[in-house]
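Enquirer: Sharing a structure here in structure tokens format.
Read-outs: derived from the displayed coordinates by stated rules, not from any lab. As the structure is a computational prediction, the values presented were derived from the model and not from experiment. Quick reminder, even Gly has a Cβ in these numbers, built from the backbone with ideal geometry, and neighbours come from all protein chains shown.
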Amino acid sequence: MNWPEHMFIGALFGLILALFLQLPIIEGGLVAGMAAISALAPDIDHDSSKIRKISNITVPIAAFGFSFAATCSEGVMCTLDDMRSIIILGLAITGLYMIVITFFKPKHRGITHTIFSALVFAIFIYIFSDLNFAFAGFAGYASHLLADKHIRMI
């Protein structure tokens, strides 16, 4: 199945979740969007997948954003030492992503196509967001597994 179909099915799962949770329209739309994007996540193990191409761009941006937020907690102004720390931490996070995705990448439809990975994915979303988005992440991820007819626990 191609990425547009996975996103569509993920969005449907997200809309059903939003209706089940009785969310307001805007939050329901955000939940559906989160589920749609999450439906692409299992294919991170495939070199030419849409989510892999997106991740290769967004991970470094997010790494430096996270590094900035973690280092410059006093405000927007950072010292030169802070900037060095931001660059080092951002490069470390980006480097870790590149090492994992290059050298430790699982085979396609391996561990990333499991309910266990969907749960881990949802937990990470919950850590950085809220429970509704975590549910949406799980729903979108699970929709991918169902659409591929490739559901395993581990």
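Enquirer: Which of the peptides 108-116, 21-29 is most tightly packed, and how do the rest follow, going by the mean number of other Cβ atoms within 10 Å of each residue?
Expert: Top of the packing list down: 108-116, 21-29.
Enquirer: For volume of the Cα convex hull per residue in Å³, several values are listed as (i) 176; (ii) 119; (iii) 137; flag the one computed from this structure.
Expert: It is the value labelled (ii).
Enquirer: To continue, here is another question. Can you compute the helix-only [θ] at 222 nm over the chain? Use -39500 (n - 2.57) per DSSP H run of at least 4 residues, normalise by all residues, nearest 500 deg cm²/dmol. Display every interim value, and only then the final one.
Expert: Working: 6 runs with 111 residues, N = 154.
Value at 222 nm, helices only: -24500 deg cm²/dmol.
Enquirer: Taking the Cβ of each residue in S129, S38 as the centre, tally the other Cβ atoms inside 10 Å and list the residues starting with the fewest.
Expert: Ranked by crowding around the Cβ, least crowded first: S129, S38.
Enquirer: In a shell of Cβ-Cβ distance under 10 Å around M1, excluding M1 itself, what net charge do Lys and Arg (+1) and Asp and Glu (-1) give?
Expert: -2
Enquirer: Residue by residue through segment 45-57, which ³J(HN,Hα) values in whole Hz follow from phi under the Karplus form 6.51 cos²θ - 1.76 cosθ + 1.60 (θ = phi - 60°), with glycine and proline marked x?
Expert: Once θ is set to phi - 60°, the couplings for segment 45-57 become 7, 10, 4, 9, 6, 4, 5, 5, 5, 5, 5, 4, 9 Hz.
Enquirer: Take the eigenvalues of the Cα gyration tensor for segment 35-95, scale each by 5, and report the square roots as semi-axes in whole Å, largest first.
Expert: So the three semi-axes of segment 35-95 are 30, 12, 7 Å.
Enquirer: To continue, here is another question. Among I101, I61, I37, which one shows the biggest mean-square fluctuation in a GNM of the chain, springs joining Cα atoms closer than 10 Å?
Expert: Looking only at I101, I61, I37, the biggest GNM fluctuation is shown by I61.
Enquirer: Oh, and also: Within the set of other residues whose C-beta is less than 14 Å from the C-beta of L17, count the net charge using Lys and Arg as +1 and Asp and Glu as -1.
Expert: Net local charge, L17 excluded: -2.
Enquirer: Can I ask one more? By average Cβ neighbour count within 10 Å, what is the ranking of 7-16, 43-52 from highest down?
Expert: Ranked from most to least packed, the peptides come out as 7-16, 43-52.
Enquirer: Further question: Quick one: go through segment 24-54 and flag any residue whose amide nitrogen is under 19 Å from the point 7 Å out along the Cα-to-Cβ line of D148.
Expert: Under 19 Å, as judged by backbone N against the label point of D148, lie 35-54 of segment 24-54.
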